[in-house]
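Trainee: To start, I am sharing the structure in question, which I have written as structure tokens.
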Amino acid sequence: MSRKRTHKIRIITWNINSVRLRVGLAVKILKKYQPNILCLQEIKCQNDEFPQKQFHKLGYQHIALNGIKAYHGVATISNLPIANERIIEFGGLADGRHIETEYKLGTQDLSLHNFYVPAGGDDPDWTVNEKFAYKLAFLDAMTAYFKKARNKKTALRVLVGDLNTAPFEHDVWSSKQLQNVISHTPIEREKLAKLQAAHKWDDIARDFVPPSEKLYSWWSYRARDWASSDRGRRLDHIWTSPALNGKVKHFDIIRTARGWKQPSDHVPVLADLQI
DNA sequence: ATGGCTTACAAAGTAAGA
């Protein structure tokens, strides 16, 4: 007789906007929420500049890095052993926007993709704005990759990160006023929908918070008072593959983190999986 | 507000973010 052992896995994704500047806030998050895995974006340092020690001290011995100088960069920090790690250059550049890690959970494998999708610059005309064209091409490359990966239907996969796109009407404070603002333009929203469909990804936030309710994970630094103006966008996402349907037990956006001292402009997004 | 601020950096101004 064998009883299948289940694992509870807590994952947090956070665009930290400089890990060297805000490692103290990361420690605060780890102590308070005790995730198994923390996915960071915009670490803004090279791998040898990453403050490993502070994570090791808290029991996070396993760190996968894709950092570059000054900008971008992602890191996945875990207290579960990382069985494999892989960087894919979806945009064709080594610009620190992705790292995949794999975990052995009993007889099952979990794959976790940590993304920092290009922001896309200012001008929403991709024919003149190269940065926006790059963002759209990056999303297309993700779509092509995950369409192929669909052949393993039982695979446990999670895609997290700063996708720099607020897909739905109530993922921004005013869909009308942001229709020509990069992060919420129709073409990006379309690309994100195609990416989601390509792997039948579940956007778990909207399983827990109805699509009719405003929900944000980012608030501009420029607001006089971010909380009272509350002009946010939901740019940070946690998506799960079909094999994880029904296995997501809890979801939270840690909005209070935006009010901490010297905050990131993004807040952590959390999910609990029962696998 | 055509972003009002914040970050990194061979800096005292520029590039980038979204």
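Computed from the coordinates by the stated procedures, all read-outs in this text should not be read as laboratory data. If you're wondering where the values come from, they're calculated on a predicted model, not measured in any experiment. So basically every Cβ, Gly included, is an ideal-geometry build from the backbone, and we count neighbours across all protein chains shown.
Trainee: Would you mind working out the magnitude of the charge dipole of segment A:153-242 relative to its Cα centre, with +1 at each Lys and Arg C-beta and -1 at each Asp and Glu C-beta, to the nearest 20 Debye?
Mentor: So the magnitude is around 200 debye.
Trainee: Here's something else I'd like to know. Over all directions, the average projected area of the alpha-carbon convex hull for chain A comes to how many nm²?
Mentor: Mean projected area of the Cα convex hull: 14.7 nm².
Trainee: Fully extended, how many nm does the chain gain between A:Lys69 and A:Gln34 (0.36 nm per residue separation, minus their Cα-Cα distance)?
Mentor: Using 0.36 nm per residue and subtracting the Cα-Cα distance, I get 9.7 nm.
Trainee: Still on this structure: Where the eigenvalues come from the Cα gyration tensor of segment A:94-214, what are the semi-axes √(5λ) of the equivalent ellipsoid, largest first, in whole Å?
Mentor: 27, 18, 12
Trainee: Moving to a separate point now. What value does segment A:157-202 have for Rg/Rh, both radii from Cα atoms and Rh as Kirkwood defines it?
Mentor: Ratio of gyration radius to Kirkwood radius for segment A:157-202: 0.99.
Trainee: Run lengths n ≥ 4 of DSSP H only: what is the helix-derived mean residue ellipticity at 222 nm for chain A, with -39500 (n - 2.57) per run over all residues, to the nearest 500?
Mentor: -6500 deg cm²/dmol
Trainee: Same structure, new question: So if each residue of separation counts as 0.36 nm, and I subtract the Cα-Cα distance between A:Arg222 and A:Thr6, what length gain in nm does that give?
Mentor: Result: 73.3 nm gained on full extension.
Trainee: What's the local net charge at A:Ile11, with K and R +1, D and E -1, over the other residues with C-beta under 13 Å away?
Mentor: Cβ neighbours under 13 Å give a net charge of +2.
Trainee: Note down the magnitude of the dipole of segment A:75-222 about its Cα centre, charges +1 on Lys and Arg C-beta and -1 on Asp and Glu C-beta and zero elsewhere, to the nearest 20 debye.
Mentor: The calculation lands at about 460 debye.
Trainee: Still on this structure, please answer the following. Find how much the distance from A:Leu93 to A:Asp123 grows on full extension, using 0.36 nm per residue of separation minus their present alpha carbon separation; answer in nm with one decimal.
Mentor: Computed gain between A:Leu93 and A:Asp123 is 8.6 nm.
Trainee: Between A:Asn245, A:Phe208, A:Asn164, whose Cα lies farthest towards the positive end of the dipole of segment A:161-275 when Lys and Arg beta carbons carry +1 and Asp and Glu beta carbons carry -1, centred on the Cα centre?
Mentor: The residue sitting farthest along the positive end of the dipole is A:Asn164.
Trainee: Would you kindly calculate the translational diffusion coefficient of segment A:1-63, applying Stokes-Einstein with the Kirkwood radius from alpha carbon pairs, for 25 °C and a viscosity of 0.890 mPa s, and quote it in µm² s⁻¹ without decimals?
Mentor: Calculated translational D: 190 µm²/s.
Trainee: What list of whole percents do you get for P(r) of segment A:80-148, with Cα-Cα distances grouped in 5 Å bins up to the one holding the largest distance?
Mentor: Taking every Cα pair in segment A:80-148, the percentages come to 4, 16, 21, 19, 15, 11, 6, 4, 3, 1, 0.
Trainee: Follow-up. What are the principal axis extents of the Cα atoms in segment A:181-275, in Å, biggest first?
Mentor: 43, 33, 23
Trainee: In debye to the nearest 20, how big a dipole does chain A give about its Cα centre with +1 on each Lys and Arg Cβ and -1 on each Asp and Glu Cβ?
Mentor: So the magnitude is around 1080 debye.
Trainee: Take the Cα atoms of segment A:1-132, find their three principal axes, and give me the spread along each one in whole Å, biggest first.
Mentor: 64, 34, 24
Trainee: While we're here: Which value, to two decimals, describes the C-alpha radius of gyration of segment A:51-113 once divided by 2.2 N^0.38 Å?
Mentor: 1.20
Trainee: Something else now. Could I get the Rg over Rh figure for segment A:117-162? Both from C-alpha atoms, Rh via Kirkwood, rounded to two places.
Mentor: Ratio of gyration radius to Kirkwood radius for segment A:117-162: 1.13.
Trainee: Pick out, from A:Gly92, A:Ile68, A:Asn17, the residue whose Cα sits farthest towards the positive end of the charge dipole of segment A:1-112, with +1 on the Cβ of Lys and Arg and -1 on the Cβ of Asp and Glu.
Mentor: Sorting the options by dipole projection puts first A:Asn17.
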